[in-house]
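One structure is given here, and the rest of the page talks about it.
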Amino acid sequence: MPTDYISFRDTHYFSSLICDYLDENKALKPFYNRFPKLENFKTQIEEKQLSFKDESRSVLVKALKKQYETVEVSDSTQANIKRLQNSNTFTVVTGHQLNIFTGPLYFFYKIISTINLCKELKSKYPDYDFVPVYWMASEDHDFEEINFFNFKGKKVQWNREASGAVGALNLDGIEKVFEVFGSQLNGTTNASELKQYFKKAYLNHSNLAEAMHYLVNELFKDFGLVIVDGNDSALKRQFIPYVKEELTEQWSFLKVSEANNNLNVLDENYKIQVNPREINLFYLIEGIRERIMYKDDVYFVNNTNLSWSKSEILKEVDDFPERFSPNVIMRPLYQEVILPNLCYIGGGGELAYWLQLKSYFESQMIPFPMLLLRNSVLLITEKQKEKIYKLNIEFSDLFLNQEDLKIKITKQISDIKIDFSEQKAHLVKQFKDMYDLAEKTDASFKGAVAAQEQKQINGLQHLEKRLLRAQKRKLSDHINRVLELQNELFPNHSLQERQNNFSEFYLDNGSDFIKKLVDTLKPLKSEFTLITI
């Protein structure tokens, strides 16, 4: 597929923190371990190899085999699970919520970035094996964030009451979502395949975690993707020492608060993505996922009657580790404790909060993974690309906000120069002589000269704006065609990948859609990708 690129900074959609990280700003070095370049992975491998024990590999492989018992496992995925037993095998991880039918397009870009980085690592380091992993956020409880996807500008939504971990939700009522979605599809083979994906995932399984596991496996099993559900008693038993320390010492609150302060000192424009709680754990039982809190020597679960003394809650951890669910601060540590992981791949918001965690990892003596911004993509049809050329605009123009885009296009195609810079410069030169004269009189005359200069400059600026508005009206047909194209590619004035679902593109491209993305995307190329499909 034909491909173009634009820097992340020039898209204006990424924070200054992430852009500075991609530029390897030296001031940010204390907040990460190693920058994700191929040559840096060797040291990361050596560090993880020393810390990750064979016993942990055995627990992981056994848990994965159990999680895959009811799923048709491809040969490549089965081989990757088996390889994880070996000390020369490492993972590259991405994670995401259990959005209905995968949610926004960037879900695919996360996983494909992970798959392709593993390929590049294997080519560079043939003596090692690298396994792409999708971490299912099955313990998350933000149902409103995942209960819909967009299809051709319309929201397809699963309406129901929900509480507790979303992975455990039964699928009552989701057949209505299938009916609504199916009614919007055409009669093509690709449409039929989409219906089968949805039906087999959501109508043939008992809960959301099982449905998502099936769907993602079906979509990516040919690429050896391994899916990990962290809501697993055996895996959480590995995490018991860290849960206990969180309850008694609360290192995460101290270290992440320090990191947040340091980031703010570094640049007040750096947005703090997450703020730590005193205890960064939830208590998880059927229908409930609520914060664990501590006050007056008592541990208790928010919005419940559950409470323990110190000795009682530590026993609860030993007896039921699956009931202790890490929040956004502790989940990354849990991931790195149970996986032989080298690199986490995420979006800008995710990487921003990972950058807050390095000192916490150091306090727990767990290697901090490399952090890679996932591929970001704008998919453009041949017809849309042809429009871009006919309208004589650059790809980068489309990333501008609409007002800036209108101004740029108007000035670009106007047969009248809409820029009074020369007139303003001439005016300033004329007033220089007046200032020289004012120096020979009193201060009040100098003030009058300055006021008159500003008045005339303001007058020129007003005329310039009026001319611009007049030209916008005159050239409105051309400008509207540009805006119409931008609205197609940036629905709701947002990035396409944050709005559209994969199904729209699968309809036209079928299973080749995924293969084309895998063949095209380069995870270590730190630029926004524009792909013609």
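Below is a table of values for the structure above.
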item	result
Candidates Glu497, Glu484, Glu504 - the one that is at pLDDT 70 or above, open to solvent by 80 Å² or more (accessible area, probe 1.4 Å) and of a type outside the set (Ser, Thr, Tyr)	Glu484
Any hit, the range 362-373, residues being closer than 30 Å to Leu517 by Cβ and β-branched (Val, Ile, Thr)	no
Glu24 being part of a helix (DSSP H, G or I) and either β-branched (Val, Ile, Thr) or out of contact with any Gly (no Cβ under 9 Å at 6 or more places or on another chain) (or both)	no
Subset of the range 174-190 (residues that are in a helix (DSSP H, G or I), surrounded by fewer than 17 Cβ atoms within 10 Å (Cβ to Cβ) and either in contact (Cβ under 8 Å) with a residue 60 or more places away in the chain or of a type outside the set (A, V, I, L, M, F, W, C) (or both))	Glu175, Lys176, Glu179, Gly182, Ser183, Thr189
Restricting the range 27-42 to residues that are outside any loop (DSSP other than H, G, I, E, B) and aromatic (Phe, Trp, Tyr), the residue that is surrounded by the most Cβ atoms within 10 Å (Cβ to Cβ)	Phe41
Pairs where the first residue, in the range 145-165, is free of Cβ contacts under 8 Å to residues at least 40 places away in the same chain and the second is charged (D, E, K, R) and part of a strand (DSSP E or B), C-beta under 8 Å, 6+ apart	none
Failed criterion for Ile313 (all others in (1) crowded, with 21+ Cβ neighbours inside 10 Å; (2) within 27 Å of the chain's Cα centre (by Cα) hold)	(2)
Cβ-Cβ under 7 Å pairs, at least 6 apart or on other chains, the range 519-531 side basic (Lys, Arg), far side part of a strand (DSSP E or B)	none
Inter-residue pairs, beta-carbon under 6 Å, first in a helix (DSSP H, G or I) and in the range 502-513, second hydroxyl-bearing (Ser, Thr, Tyr) and modelled with pLDDT of 95 or more, 6+ apart	Phe513/Tyr506
Unique match (being among the aromatic types (Phe, Trp, Tyr), more than 26 Å from Asp20 (Cβ to Cβ) and touching a strand residue (DSSP E or B) at 6+ places or on another chain (Cβ under 8 Å)) among Phe320, Phe239	Phe239
Subset tally (residues that are in a loop (DSSP other than H, G, I, E, B), more than 27 Å from the chain's Cα centre (by Cα) and touching a residue at least 24 places away in the same chain (Cβ under 8 Å)) for the range 73-126	7
Leu284, sole failed condition from (1) more than 22 Å from the chain's Cα centre (by Cα); (2) surrounded by fewer than 21 Cβ atoms within 10 Å (Cβ to Cβ); (3) within 19 Å of Gln97 (Cα to Cα); (4) aliphatic (A, V, I, L, M)	(2)
Number of positions in the range 309-331 that are without any contact (Cβ under 8 Å) to a residue 60 or more places away in the chain and outside any loop (DSSP other than H, G, I, E, B)	6
Filtered residues of the range 137-167 (kept if touching a helix residue (DSSP H, G or I) at 6+ places or on another chain (Cβ under 7 Å) and of a type in the set (A, V, I, L, M))	Ile146, Val156, Ala162, Val166
Only one of Phe300, Phe361, Phe368 that is out of contact with any helix residue (DSSP H, G or I) (no Cβ under 8 Å at 6 or more places or on another chain), surrounded by 18 or more Cβ atoms within 10 Å (Cβ to Cβ) and modelled with pLDDT of 95 or more	Phe300
Residue in the range 233-240 that is open to solvent by 40 Å² or more (accessible area, probe 1.4 Å) and within 28 Å of Leu117 (Cα to Cα) present	yes
Close pairs (9 angstrom Cβ cut-off, 6 or more residues apart or separate chains): open to solvent by 10 Å² or more (accessible area, probe 1.4 Å) in the range 332-345, in a helix (DSSP H, G or I) and of a type in the set (Gly, Ala, Ser) anywhere	Val337/Ser56
Given (1) part of a helix (DSSP H, G or I); (2) free of Cβ contacts under 8 Å to residues at least 12 places away in the same chain, number of the condition Ala201 does not satisfy	(2)
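Results for (1) part of a loop (DSSP other than H, G, I, E, B); (2) closer than 30 Å to Asn487 by Cβ; (3) charged (D, E, K, R), shown as yes or no for each residue.
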residue	(1), (2), (3)
Val337	no, no, no
Leu342	no, no, no
Glu350	no, yes, yes
Tyr353	no, no, no
Ile366	yes, no, no
Leu378	no, yes, no
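Conditions tested, residue by residue: (1) part of a loop (DSSP other than H, G, I, E, B); (2) closer than 19 Å to Val71 by Cα.
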position	(1), (2)
Ser138	yes, yes
His141	yes, no
Arg160	yes, no
Gly164	yes, no
Gly167	no, yes
Asp172	yes, no
Ser192	no, no
Tyr197	no, yes
Asn231	yes, yes
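The values are calculated or read from the model by the stated rules, or taken from the named source; none is laboratory data. Every value quoted in this text rests on a predicted model; they were computed, and no experiment measured them. Every residue, glycine as well, gets a Cβ built from its backbone with ideal geometry; the counts of neighbours run over all protein chains shown. Surface areas here come from the heavy atoms of the whole protein model, side chains and all, with no ligands, DNA or RNA. Shrake-Rupley method; radii C 1.70, N 1.55, O 1.52, S 1.80 Å.
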